[in-house]
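What follows is calculated from the coordinates using simple rules that are stated; it is not laboratory data. All values derive from a computational prediction rather than experimental measurement. Glycine also receives a Cβ, built like all others from the backbone with ideal geometry; neighbour counts cover every protein chain displayed.
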Amino acid sequence: MHPLEIERWALRVADQVASRGHAEDSLVELKATWPDPVDAARKIAAHANAARGATVLWIIGIDEEDGVCGATVLEVADWLAAVVGQFDGVYPEMTNVNVALERGTIVALAFNTDRAPYVVRNPRFGQPHGGAIKWEVPWREGSSTRTATRHDLLRLLAPLQPLPDIECLDFRVRVAEEPTDSVLRVHKWYAEGSLYVAPVSGTTVTIPSHRSSVMVREPDAPEDTYFQTLHLYVHDKSESNPVAANHAGATIKNPGMLFFSASLATPASERTYPDGLGCELKLQPVGALVPLRIVVTLRPSKRGNAEVASWSLRG
């Protein structure tokens, strides 16, 4: 992954944390301070094994509860050498990028995981009561780390669908008050946008609609709001278009444009909508254990007729 892409990813995560959103997931780990190399090696190996080839991002200097605190000054090369020393030869290659923010500089560590499985030593091996286990294949489940099971190892050996490169070109959410047959007023939410999708050369990517979702996160809301069924579609339905879509999903053979839309109805209320709206589009390609996640922060935009709120990627 290019350093600029890593920086953008880290900035998106920092924005999520700033908006009081949950930022840690199957690919992202946040650390307020530099972790102990021995403990970090086991957790990095577990994270990399479970990622199934996707890039894993660790950010030093962000606490999910307290936000950006800044990373302490440390010689990254020395820390990494101590981490690598815990691996059985092969380790996830790392790219580090310093990202300057108002509250301090964070360090983004991107780990390449395409050489799994990763094996680390048992730090208690050979010590009194340390046991006879010298090496371990760790596995990440949720936010915890455990030893991999036979099923986990079989998943590592199964063929993996390479994830395509995807870029969000447009993302809009609007809320309109619409008449209904009942006496209750309803606010109808609409989400829509466009994506540039480029599969790995020689591969075809299939994205089922029922495995995809759109979610919005308001800063003061107690929980996230999920839209109803996501629709994937194209404007050009000719056979020459490398991207095809119908009610079931989309198939991408070569780089092209893919569009999405979703809607949601909520009871109308005299409420104030936020200036910033966190949104996440999740797409789960067939054969991929890790979903494609697009996380954006939308800004207020010009409202149309009957619209009570409107946000867009560019504001």
Could you go through the range 36-48 in sequence order and give the Karplus-derived ³J(HN,Hα) for each residue, using 6.51 cos²θ - 1.76 cosθ + 1.60 with θ = phi - 60°, rounded to whole Hz, and x for Gly and Pro? 4, x, 5, 5, 5, 4, 5, 6, 5, 4, 5, 4, 5
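Output the relative contact order of the chain, whole-number percent, from Cα pairs under 8 angstrom with separation of 6+ residues.
Numbers: 698 pairs, mean separation 49.3, N = 315.
Relative CO of the chain lands at 16 percent.
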Would you work out the charge dipole size for the chain about its Cα centre, treating the Cβ of every Lys and Arg as +1 and the Cβ of every Asp and Glu as -1, and quote it to the nearest 20 debye? 660
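May I ask you to work out the translational diffusion coefficient for the range 88-234 at 10 °C, viscosity 1.306 mPa s, via Stokes-Einstein with Rh from the Kirkwood sum over Cα pairs, reported in whole µm²/s? Can you show the working numbers first?
Numbers: Rh = 21.2 Å.
Rounded to a whole number, D works out at 75 µm²/s.
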Between the range 196-244 and the range 111-165, the alpha-carbon center distance in angstrom: 31
Tell me, Kirkwood radius of the range 3-157 from alpha-carbon pair distances, in Å? 16.1
In Å and whole numbers, how far do the C-alpha atoms of the range 165-312 stretch along each principal axis, longest first? 53, 30, 26
Scan around residue 103 for amide H atoms under 5 Å from its own, H built in the peptide plane at 1.01 Å from N, and keep only partners 5 or more places away or cross-chain. none
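Once you wrap a convex hull around the alpha carbon atoms of the chain, what is its projected area averaged over all directions, in nm²? Walk me through the intermediate numbers first.
Working: hull surface 80.0 nm².
The directionally averaged projection comes out at 20.0 nm².
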Lys/Arg Cβ at +1, Asp/Glu Cβ at -1, dipole of the range 165-312 taken about the Cα centre: which of 173, 198, 281 is farthest positive-ward? 198
